[in-house]
Amino acid sequence: MRFCPFAQRTRLVLRAKGISHEVININLKNKPDWFFEKNPFGLVPVLETSKGQLIYESPITCEYLDDAFPGRKLMPSDPYERAFQKMLLEHFSKITALVFKCFVAIKDGQDTTALKAEIAEKFGKFEEILAKRNTVFYGGDSVSMLDYMIWPWFERLEPFQLKDSLSHTPKLQRWMEAMKEDPAVKATMTDPQIYKDYLQLYLKNSLEACDYGL
């Protein structure tokens, strides 16, 4: 699905590694029956190999692509660094739900002060890691798997009205600017206004949401 941040993870890795592929989008508001045969959870992304093998869950699809295809490895070769990136991804998984929860609360006119503070605090932990390591990216001097795994939510901070969550994180701001120059990021990025318009339709449960902008 074009607007899904989890699916974008997989598209980023496919692009970064130069893997030839075909994208088939489904309407997440009206999922076809055949899709549940591909993934019983009914979630995107799903990879289907030339042998008909099926892989789902975004971190698993991305690690599979990194292992199965040649080219620059996105996961670190050092066992500790691999584990460290996976631990950070677990921490980040707590942020993804908060971001959408906060956006819905904003739209409903609720007080989001506590939610925004919690999100800013969690981003602060990621700021600290960049500061400690003194690197532009989480993988060092070049984009790594973790950078791609967390990028889709940073790309959506403006449409989610959460850009001010990074006001006290200069390292994260620098990271974002560097990520915007990455070819895979450029190739998969969605215009913020298009994403804002999509969100309005999505929150109304419109079946037209997923096709917006086509």
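Could you report the chain's accessible area per residue, 1.4 Å probe, as an integer in Å²?
Per-residue accessible area for the chain comes out at 53 Å².
Rounded, prolate or oblate, given the Cα gyration tensor of the chain, with a/c below 1.5 counting as rounded?
Oblate, because a/c is 1.5 or more while a/b does not exceed b/c.
Would you mind calculating the relative contact order of the range 121-214 from Cα pairs under 8 angstrom and at least 6 residues apart, reporting the percent as a whole number?
24 percent
Near residue 187, within a Cβ-to-Cβ distance under 11 Å, what is the net charge of the other residues, with Lys and Arg +1 and Asp and Glu -1?
With Lys, Arg at +1 and Asp, Glu at -1, the neighbours total +2.
Is the shape of the range 1-108 best called rounded, prolate or oblate, per the rule: a/c under 1.5 gives rounded, else a/b larger than b/c gives prolate, else oblate, with a ≥ b ≥ c the square roots of the Cα gyration tensor eigenvalues? Before the final figure, lay out each step's value.
Working: a/c = 2.07, a/b = 1.12, b/c = 1.85.
Verdict is oblate for the range 1-108.
Only helical DSSP H runs with n ≥ 4 go in: add -39500 (n - 2.57) per run for the chain, normalise by residue count and round the 222 nm mean residue ellipticity to 500 deg cm²/dmol.
Rounded to the nearest 500, it is -17500 deg cm²/dmol.
Given a 1.4 Å probe and every protein chain left where it sits, what share in percent of the accessible area of the chain is carbon and sulfur?
53 percent
Given charges of +1 on the Cβ of Lys and Arg and -1 on the Cβ of Asp and Glu, with all other atoms neutral, how large is the dipole of the chain about its Cα centre, in debye to the nearest 20?
Dipole about the Cα centre, nearest 20: 80 debye.
Below 14 angstrom from the Cβ of residue 111, what's the summed charge of the other residues (Lys, Arg +1; Asp, Glu -1)?
Computed value for this residue: +1.
Calculate one ³J(HN,Hα) per residue across the range 64-81 by plugging θ = phi - 60° into the Karplus curve 6.51 cos²θ - 1.76 cosθ + 1.60, and present them in order as whole Hz with x for glycine and proline.
These are the phi-based 3J(HN,Hα) values: 4, 4, 5, 6, 7, 10, x, x, 4, 7, 8, 7, x, 7, 6, x, 5, 5 Hz.
The values are calculated or read from the model by the stated rules, or taken from the named source; none is laboratory data. Bear in mind that the values here come from a model prediction, so they are computed numbers and not experimental data. Positions of Cβ are backbone-derived with ideal geometry, glycine not excepted, and every protein chain shown enters the neighbour counts. Ligands, DNA and RNA are stripped out before the accessible areas are found, and what is left, the full protein with its side chains, is counted by its heavy atoms. Shrake-Rupley method; radii C 1.70, N 1.55, O 1.52, S 1.80 Å.
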